[in-house]
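The values are calculated or read from the model by the stated rules, or taken from the named source; none is laboratory data. Note that the coordinates shown come from a computational prediction; the quantities given were computed from them, not determined experimentally. Reconstructed Cβ throughout: ideal geometry from the backbone, glycine too, with neighbour counts over all protein chains shown.
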Amino acid sequence: MKYVKTLLLYFFVFVAVQLVIGFAVQTLATLFPEITSVMPSYKAAVILYSSGISSIILLVLFFTMRWYREDRTFVRSRPWSVLCWSFLLGIGILLPLTRLEECIPQEWLTNLIQDEMNAILHTRYGYFVICILAPLMEEVIFRGAVINACKTFSRNNAPSFVNATLLPLVISALMFSLVHMNPAQMPHAFIVGLILGWVYLRTNSIIPCFIIHWLNNSSAYVLVNIFPHIPTDAKLVAYFNGSEAAVAQAVVFSLMIAIPSLYQITILTKRK
């Protein structure tokens, strides 16, 4: 029961900070409209400021409260090979996961902030907040703090039929998906959460997880800025001149990067 309370505490703190900061930023933006001039729309500016401030506050909170403490064993091992394969894994999963997401009926994936995110990703400030600061904060919370709490529960309290690895993976990925609070992002966030959770369990470090997360978020930034004429909700085929065959080939090629990367990470982090 103690670990359930711990997980609920992490979840409550995350949501509470987001809501309080969001309300505070909206209030300030109403009183001082000039602070939203950095973005083309009021709502986009509020999302950008709220996300950035919330990420900083949550990082400080989780470190100062010692809810998350990085194990330096991974860093001391000079894990350059693992980091390189994590980078390749991050690249390799982009197209297959996007293709898989396209199989979900679009009416289930309502994007509540599509225009705002598109505007945010057109700015340098947006890149820093969405692609660097937010992933770092989310890895600290959902891979570091949440998975560690689940691991402790699995070792000490979970019934014998509960897999000690599966439980932390599913719970952390589910929480990671729910906190996005945007139907269009939730399925993708859940699957990515499973992959990131697996990498964390293998390495016991958020560093390779952050690399993968950074690549995942940065891909949206790259697409928005390199292909501004293509709608952000367009399917993959729009980026391959309408050729489904080219999409299939790209997905297969990506899997040829992702699968060996998973294998290499498994070998390099083999438990003794």
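Could you tell me whether any residue of the stretch 64-84 is touching a residue at least 24 places away in the same chain (Cβ under 8 Å), within 19 Å of the chain's Cα centre (by Cα) and under 30 Å from F253 (Cβ atoms)?
Yes, there is a match, as at least one residue in the stretch 64-84 is touching a residue at least 24 places away in the same chain (Cβ under 8 Å), within 19 Å of the chain's Cα centre (by Cα) and under 30 Å from F253 (Cβ atoms).
Of the residues S37, S81, S50, which is among the small types (G, A, S) and within 21 Å of P135 (Cα to Cα)? Before you say what the answer is, go through the steps one by one.
Values: S37 fails: within 21 Å of P135 (Cα to Cα); S81 fails: within 21 Å of P135 (Cα to Cα).
Unique residue meeting the criteria: S50.
Between a residue in the stretch 214-227 that is farther than 10 Å from N118 by Cβ and any residue that is of a type in the set (G, A, S) and crowded, with 18+ Cβ neighbours inside 10 Å, which pairs come within a Cβ distance under 7 Å, given they are 6 or more apart or on different chains?
Listed pairs, sorted by first residue: L215/G90; N216/G90.
Pairs under 9 Å by beta carbon, first residue touching a residue at least 24 places away in the same chain (Cβ under 8 Å) in the stretch 17-30, partner surrounded by fewer than 13 Cβ atoms within 10 Å (Cβ to Cβ), six or more apart or different chains?
Qualifying pairs under 9 Å: Q18/M181.
Just checking, how many residues over the stretch 202-247 are in contact with a Lys or Arg (Cβ under 8 Å, 6 or more places away or on another chain) and either among the small types (G, A, S) or within 30 Å of A145 (Cβ to Cβ) (or both)? Quick ask: steps written out before the conclusion?
Residues of the stretch 202-247 that are in contact with a Lys or Arg (Cβ under 8 Å, 6 or more places away or on another chain), as a first pass: 206, 209, 236, 247.
If we keep only those that are either among the small types (G, A, S) or within 30 Å of A145 (Cβ to Cβ) (or both) too, we end up with 206, 209.
Qualifying residue count for the region: 2.
In the stretch 55-87, which residues are among the polar types (S, T, N, Q) and either buried (at least 16 other Cβ atoms within 10 Å of the Cβ) or closer than 30 Å to V15 by Cα (or both)? Spell out the reasoning first.
Pass one, the stretch 55-87, residues among the polar types (S, T, N, Q): 55, 64, 73, 77, 81, 86.
Result: S55, T64, S86.
Starting from the stretch 118-131, take each residue that is within 16 Å of Q185 (Cα to Cα) and list its partners that are modelled with pLDDT under 85 and outside any helix (DSSP H, G or I), counting only C-beta distances under 6 angstrom and pairs at least six apart or across chains.
Within 6 Å, the pairs are N118/T232.
Restricting to the stretch 24-74, give me the number of residues that are within 15 Å of V140 (Cβ to Cβ) and β-branched (V, I, T).
Residues flagged as within 15 Å of V140 (Cβ to Cβ) and β-branched (V, I, T) within the stretch 24-74 amount to 4.
Let me confirm something: among G90, G52, which residue is closer than 30 Å to T266 by Cβ and in contact (Cβ under 8 Å) with a residue 24 or more places away in the chain? Please lay out each step first, then the result.
Details: G52 fails: closer than 30 Å to T266 by Cβ.
One residue alone meets the criteria, G90.
Restricting to the stretch 94-144, name every residue that is crowded, with 18+ Cβ neighbours inside 10 Å and acidic (D, E).
E116, E138, E139
Exactly one condition in (1) more than 16 Å from A16 (Cβ to Cβ); (2) modelled with pLDDT of 95 or more; (3) of a type in the set (V, I, T) is false for I53; which is it?
So the condition that I53 fails would be (1).
Is one or more of the residues making up the stretch 66-79 modelled with pLDDT of 90 or more and touching a Gly at 6+ places or on another chain (Cβ under 9 Å)?
Yes; the residues of the stretch 66-79 include at least one that is modelled with pLDDT of 90 or more and touching a Gly at 6+ places or on another chain (Cβ under 9 Å).
I'm checking my understanding of the structure. Among residues of the stretch 187-208 that are β-branched (V, I, T) and either buried (at least 18 other Cβ atoms within 10 Å of the Cβ) or over 27 Å from N111 (Cβ atoms) (or both), which one is nearest to the chain's Cα centre (by Cα)? I'd like the intermediate steps shown before the answer.
Pass one, the stretch 187-208, residues β-branched (V, I, T): 191-192, 195, 199, 203, 206-207.
Those still in the list that are either buried (at least 18 other Cβ atoms within 10 Å of the Cβ) or over 27 Å from N111 (Cβ atoms) (or both) too: 192, 195, 199, 203, 206-207.
Details: V192: 7, I195: 10, V199: 13, T203: 17, I206: 12, I207: 13 Å.
Applying the filter and picking the extreme gives V192.
Can you tell me how many residues within the stretch 13-36 are surrounded by 18 or more Cβ atoms within 10 Å (Cβ to Cβ) and of a type in the set (D, E, K, R)?
0
Being surrounded by fewer than 23 Cβ atoms within 10 Å (Cβ to Cβ), assigned to a loop (DSSP other than H, G, I, E, B) and either under 11 Å from the mean Cα position of the chain (by Cα) or of a type outside the set (D, E, K, R) (or both): is that true of H180 here? Steps first, please.
Values: surrounded by fewer than 23 Cβ atoms within 10 Å (Cβ to Cβ): yes; assigned to a loop (DSSP other than H, G, I, E, B): yes; either under 11 Å from the mean Cα position of the chain (by Cα) or of a type outside the set (D, E, K, R) (or both): yes.
Against the criterion (surrounded by fewer than 23 Cβ atoms within 10 Å (Cβ to Cβ), assigned to a loop (DSSP other than H, G, I, E, B) and either under 11 Å from the mean Cα position of the chain (by Cα) or of a type outside the set (D, E, K, R) (or both)), H180 qualifies.
Report every pair of residues separated by at least 6 positions or lying on different chains whose Cβ atoms are under 7 Å apart, first residue within the stretch 1-14 and outside any helix (DSSP H, G or I), second of a type in the set (A, V, I, L, M, F, W, C) and modelled with pLDDT of 90 or more.
Close Cβ pairs satisfying both conditions: none exist.
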